[in-house]
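The structure appears below as structure tokens.
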Amino acid sequence: DGTIRIHRDEFLYLNVLSSQLESISEEASRSLQDEWEKSVKPAIDVIAERFSRLETSNRPVLVRPRVPTEKVDALHSHLKKIDNEYSPEITNKADLTKVPSITAFFE
């Protein structure tokens, strides 16, 4: 009869919306982090400069530059490849039982 029917795939539509929301959320989070880093940088620089004038046990205090976010992300990515259970929230020795592959890797 020549009639065209359009079948709307709600699942696909929801996936597209979800993907767009995730993308927007990531960009907003990244922008917020960038702005936060810019805003605190002057204060961090002042504190680092003052600490670098200090001495402890007759040795100067070493103030090292902050590790770039890209390098931190790369480290987390490598650790995740070693152990799927790894997450950046694992920050103390008691949590090492949660990542046996990483513990074995470093032993």
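The values are calculated or read from the model by the stated rules, or taken from the named source; none is laboratory data. What you see is a predicted model, and the numbers here were worked out from it, not measured in a lab. Cβ placement follows ideal geometry from the backbone for every residue including glycine, while neighbour counts extend to all protein chains displayed. In case anyone asks, the SASA skips ligands and DNA or RNA and just uses the protein heavy atoms, side chains included. Shrake-Rupley method; radii C 1.70, N 1.55, O 1.52, S 1.80 Å.
When residues in the stretch 59-101 are screened for being of a type in the set (S, T, N, Q), within 30 Å of residue 30 (Cα to Cα) and surrounded by 10 or more Cβ atoms within 10 Å (Cβ to Cβ), 3 of them pass.
Do we have residue 20 as under 16 Å from the mean Cα position of the chain (by Cα) and without any contact (Cβ under 8 Å) to a residue 60 or more places away in the chain here? It is false that residue 20 is under 16 Å from the mean Cα position of the chain (by Cα) and without any contact (Cβ under 8 Å) to a residue 60 or more places away in the chain. Taking the stretch 71-107 only, how many residues are part of a helix (DSSP H, G or I), farther than 30 Å from residue 53 by Cβ and under 18 Å from the mean Cα position of the chain (by Cα)? Result for the stretch 71-107: 10. Of note, residue 56 satisfies the criterion of being open to solvent by less than 80 Å² (accessible area, probe 1.4 Å) and either polar (S, T, N, Q) or in contact (Cβ under 8 Å) with a residue 60 or more places away in the chain (or both). Would it be correct to say that residue 31 is open to solvent by less than 60 Å² (accessible area, probe 1.4 Å) and at pLDDT 90 or above? No; evaluated as a whole, the condition is false for this residue.
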